[in-house]
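Asker: Take this structure first; my questions come after.
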Amino acid sequence: MVLVIILSQIESLVTAARGAQLLPAGYHAQFIMGALSTDWVTLAIPILCALPFTTAFVDDIKSGFIKQYLPRSGTGPYIKGKLIACGLSGGLTLFAGILLAYAIASLVFTPMELALGEGETTQPYLAQILMTAATLFFSGAFWSLVGFTFASLTMNRYMAYASPFILYYVLIILHERYFETMYVLYPKEWLFPSDAWVLGNWGVILLLMELIAGMCLAFAVSARRRLANV
């Protein structure tokens, strides 16, 4: 995630390095926010979220590990543990990456920024970054669970990586070409909510929590059927 953010702003990095003048105050935060709105990040989100854990259930089944583990854990705790681990891994991939990139940008750019003038106040940049990162945490958890669930339904590791990306862009295409008013199911709106959202970022988070709950239920039903024969 850090690498994607840096690559998406490579032109800004070159410009800042070549510039003889100081950068405007708060440039380090503007650098990160600008990166998160680029197509680089939009493209990478469903891919990065799927990498850490989405194949875990399929791997347990096909490797035979589940036969040794399930009698000790029980079906219910096993399913809950997998869902929690999958959601956290997908969400933290984005959340931790954004915070690490912000910390790096602060160390690099803050010494190069202009000091605040008399009467000027510092903008709440960190709060804005944290709110955006929190929104992306829930988005990452959802897309990770999408891959996790589709992999359990098909018992295919490749579906774990491909299904979040496919569904992500199907929703984008449906909104941009056919249903322009359905902003609720537009993944780009989940990154930077427009004024149409009632609660702004919190509205997006509530929606994603509902989608996460639905995906968890779908996986639980599918997993119980698979584990019944173990």
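Asker: Could you tell me how many of the residues in the stretch 55-73 are without any contact (Cβ under 8 Å) to a residue 12 or more places away in the chain and either among the hydroxyl-bearing types (Ser, Thr, Tyr) or assigned to a helix (DSSP H, G or I) (or both)?
Answerer: Summing the residues that are without any contact (Cβ under 8 Å) to a residue 12 or more places away in the chain and either among the hydroxyl-bearing types (Ser, Thr, Tyr) or assigned to a helix (DSSP H, G or I) (or both) in the stretch 55-73 gives 8.
Asker: Looking at (1) in contact (Cβ under 8 Å) with a residue 12 or more places away in the chain; (2) surrounded by 13 or more Cβ atoms within 10 Å (Cβ to Cβ), find the lone condition where TRP202 falls short.
Answerer: Against the list (1) in contact (Cβ under 8 Å) with a residue 12 or more places away in the chain; (2) surrounded by 13 or more Cβ atoms within 10 Å (Cβ to Cβ), TRP202 comes up short only on (1).
Asker: Test of understanding: among THR54, THR15, THR42, THR38, which residue is among the polar types (S, T, N, Q) and surrounded by 20 or more Cβ atoms within 10 Å (Cβ to Cβ)?
Answerer: Sole residue among the options that is among the polar types (S, T, N, Q) and surrounded by 20 or more Cβ atoms within 10 Å (Cβ to Cβ): THR54.
Asker: Same structure, new question: Scan the stretch 74-92 and tell me whether some residue there is more than 24 Å from the chain's Cα centre (by Cα), part of a loop (DSSP other than H, G, I, E, B) and on the phi < 0 side of the Ramachandran plot.
Answerer: Scanning the stretch 74-92, I find no residue that is more than 24 Å from the chain's Cα centre (by Cα), part of a loop (DSSP other than H, G, I, E, B) and on the phi < 0 side of the Ramachandran plot, so the answer is no.
Asker: Any residue at all in the stretch 177-184 that's crowded, with 16+ Cβ neighbours inside 10 Å and within 18 Å of the chain's Cα centre (by Cα)?
Answerer: no
Asker: For MET159, indicate whether it is part of a helix (DSSP H, G or I), of a type outside the set (Val, Ile, Thr), modelled with pLDDT under 95 and farther than 26 Å from LEU206 by Cα.
Answerer: yes
The values are calculated or read from the model by the stated rules, or taken from the named source; none is laboratory data. On a predicted model such as this, the values are computed, not experimentally measured, just so you know. No Cβ is skipped: glycine too gets one built from the backbone with ideal geometry, and neighbour counts run over all protein chains shown.
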